[in-house]
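These notes concern the structure reproduced below.
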């Protein structure tokens, strides 16, 4: 019995400027995974209209995310980079998954509650159902692994629930068509069409917090630009933002436990660890007992060293939109071939009549 081929899928929404949190929590790991996995990276422009239908420049934002992928080191020849709306099979499978998923599952999604706020009745249907689209993004390629932050774990669990229900509901048809793949679920060997995708949560800074409030996640939507380091910031701006980052008056602790009640200090230590590929313990061992007047300049120098070249390369790539569009077009064509192979079998499994 064949097994699922290891494949990584992930996507980034084209909404607002990419920032340090996106880089450390996602894009840098996307780059590293290229060395060990077959990878598909997507600019998820269909997701961007679930909470806000009308955008000032969705095309420009899509190109900017693509430029960030390329500037950070993702190779669009060896792997696939494309924008989601080019591949119609994402939406087709999302509709099928809307019929697989249960309303109760969607109502439990924490991010829907957060984004819809108190006026849930006025939220778009797309915002409620977008975890089904996320599941389709992953499973239309039968991806085995997804690099995710802690805040996306619930959505990946839903993806696994949808895959499990589809596999169970159509188990006889999958067997008749010989479309199943042997896999382990818990202690049991089962046969299914879709894999139970595994999360890849790793690194020292998978959740980067605001530079102005260590209790809030770094966000594109924060009204204060000082709360984040944008990937397009130049060296002077990066250094300025770190200098102005909120801290407390105490020196850095000599033990990691000393960061537990100090969210801003913990965040800056985590950023240093993430940028330098070191553990928090290693950073504390070097800087423990020192004032932020010593630590912040060291962090600023490191951040400029790592991020300024990416910003410069992003600006160069964005100055050539025809090249960016060619990357997306090529990636979309290659992605569509894989997606259609999946959907051809899904249509057979369900019983849709086609050519």
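The values are calculated or read from the model by the stated rules, or taken from the named source; none is laboratory data. As the structure is a prediction and not an experimental result, all values here were calculated from the model. With ideal geometry, Cβ positions are generated from the backbone for all residues, glycine too; neighbour counts draw on all protein chains shown.
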Looking at the structure I just gave you, is residue 91 within 30 Å of residue 177 (Cα to Cα) and out of contact with any strand residue (DSSP E or B) (no Cβ under 8 Å at 6 or more places or on another chain)?
yes
Do we have any residue at all in the range 111-118 that's assigned by TED's automatic domain parsing to the domain that holds residue 162, over 23 Å from the mean Cα position of the chain (by Cα) and either crowded, with 16+ Cβ neighbours inside 10 Å or farther than 20 Å from residue 339 by Cα (or both)?
yes
Looking at residue 296 and the list (1) under 30 Å from residue 166 (Cβ atoms); (2) not assigned by TED's automatic domain parsing to the domain that holds residue 80, which single condition is not satisfied?
(1)
Of all residues in the range 341-355 being in contact (Cβ under 8 Å) with a residue 12 or more places away in the chain and over 27 Å from the mean Cα position of the chain (by Cα), the one that is surrounded by the fewest Cβ atoms within 10 Å (Cβ to Cβ):
351
Selection count where residues are under 13 Å from residue 230 (Cβ atoms) and more than 14 Å from the chain's Cα centre (by Cα), scope the range 15-60
2
Regarding the range 51-68, can at least one residue be identified that is buried (at least 21 other Cβ atoms within 10 Å of the Cβ), within 24 Å of residue 343 (Cα to Cα) and touching a residue at least 40 places away in the same chain (Cβ under 8 Å)?
no
Residue 240, sole failed condition from (1) assigned to a loop (DSSP other than H, G, I, E, B); (2) without any contact (Cβ under 8 Å) to a residue 24 or more places away in the chain:
(1)
Which residue, of 72, 163, 91, 143, is surrounded by fewer than 22 Cβ atoms within 10 Å (Cβ to Cβ), in the same structural domain as residue 38 (by TED's automatic domain parsing) and either under 19 Å from residue 5 (Cβ atoms) or without any contact (Cβ under 8 Å) to a residue 60 or more places away in the chain (or both)?
91
First in the range 324-340 and exposed (fewer than 15 other Cβ atoms within 10 Å of the Cβ), second anywhere and at pLDDT below 95 and assigned to a helix (DSSP H, G or I), Cβ under 6 Å, 6 or more apart
none
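Yes/no matrix, rows are residues, columns are (1) closer than 25 Å to residue 303 by Cβ; (2) at pLDDT 95 or above; (3) assigned to a helix (DSSP H, G or I):
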residue: 27; (1), (2), (3): yes, no, yes
residue: 64; (1), (2), (3): yes, no, yes
residue: 81; (1), (2), (3): no, yes, no
residue: 96; (1), (2), (3): no, yes, yes
residue: 112; (1), (2), (3): no, no, yes
residue: 118; (1), (2), (3): no, no, no
Looking for something out of contact with any strand residue (DSSP E or B) (no Cβ under 7 Å at 6 or more places or on another chain), in a loop (DSSP other than H, G, I, E, B), at pLDDT 95 or above and surrounded by 17 or more Cβ atoms within 10 Å (Cβ to Cβ) - is there at least one such residue anywhere in the range 146-159?
no
Does residue 269 count as outside any loop (DSSP other than H, G, I, E, B) and more than 17 Å from residue 209 (Cα to Cα)?
no
For residues in the range 275-301 being under 27 Å from residue 41 (Cα atoms) and part of a helix (DSSP H, G or I), which is farthest from the chain's Cα centre (by Cα)?
276
Could you list, in sequence order, all residues of the range 307-355 that are closer than 20 Å to residue 162 by Cβ, assigned to a helix (DSSP H, G or I) and out of contact with any helix residue (DSSP H, G or I) (no Cβ under 8 Å at 6 or more places or on another chain)?
338, 341, 344, 347
Which of (1) closer than 18 Å to residue 313 by Cβ; (2) in a helix (DSSP H, G or I); (3) at pLDDT 90 or above does residue 41 not meet, given it meets every other one?
(2)
